[in-house]
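Scroll down for the structure; my scribbles are underneath it.
The values are calculated or read from the model by the stated rules, or taken from the named source; none is laboratory data. All values reported here derive from a predicted model rather than from experimental measurement. Please note: Cβ atoms are built from the backbone with ideal geometry, for glycine as well, and neighbour counts cover all protein chains shown.
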Amino acid sequence: MPEPIPIAAGVQVPAEAISVKAVRSGGPGGQNVNKVSSKIELRIQLEAIQGLTPEALVRLRHAVRNRLDGEGRWMIISEKTRDQAKNLEDARAKAVQVIAAAMVPPTPRHATRPTRGSKLRRLDDKRQAGEKKRQRGGKDFD
């Protein structure tokens, strides 16, 4: 059984929500690739994460929407190194990073008005573009 993943105070991924599978990795590595299962597939049940607010769960589900498997579990893959234990730690670190980012609420956008200078620059650019177009036409070559 895998170890629980602590995220922050009161927030953790329990061991029951985690499943780990080691598979053979692709890419360079010679015979090692064909013999050793060093790639890690870490799967986490999102609803089982303890201490996560409903809003944070929605943000997390949105952040990982393209990495969900058929059963709705979040799949994290790590094949950074040729060592299975290091890849497991890397996958756990990826999970911590994404969950911690989902816990931070987004800052609300406050609508602002354009400044006087930006309005004047926009009108000046429009005037120059119109003048350029006026100069293009009306040439009589007879």
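Laid out as a table, the results:
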{"quantity": "Cross-chain or 6+ apart pairs with Cβ under 9 Å, region 101-116 first and without any contact (Cβ under 8 Å) to a residue 60 or more places away in the chain, then part of a loop (DSSP other than H, G, I, E, B) and not polar (S, T, N, Q)", "calculated": "Ala102/Leu52; Ala102/Val64"}
{"quantity": "Hits in region 85-124 - residues which are farther than 30 Å from Arg24 by Cα and among the polar types (S, T, N, Q)", "calculated": "Thr107, Thr112, Thr115, Ser118"}
{"quantity": "Residue list for region 65-105, restricted to those being surrounded by fewer than 18 Cβ atoms within 10 Å (Cβ to Cβ) and assigned to a loop (DSSP other than H, G, I, E, B)", "calculated": "Asp69, Gly70, Glu71, Gly72, Lys80, Thr81, Arg82, Asp83, Val104, Pro105"}
{"quantity": "Test for Arg127: is it surrounded by fewer than 12 Cβ atoms within 10 Å (Cβ to Cβ), in a loop (DSSP other than H, G, I, E, B) and at pLDDT 95 or above", "calculated": "no"}
{"quantity": "Scope region 9-56; condition modelled with pLDDT under 90 and closer than 13 Å to Val96 by Cα; matching residues", "calculated": "Ala9"}
{"quantity": "Residue match in region 48-58 (condition: touching a strand residue (DSSP E or B) at 6+ places or on another chain (Cβ under 8 Å) and either part of a strand (DSSP E or B) or free of Cβ contacts under 8 Å to residues at least 12 places away in the same chain (or both))", "calculated": "yes"}
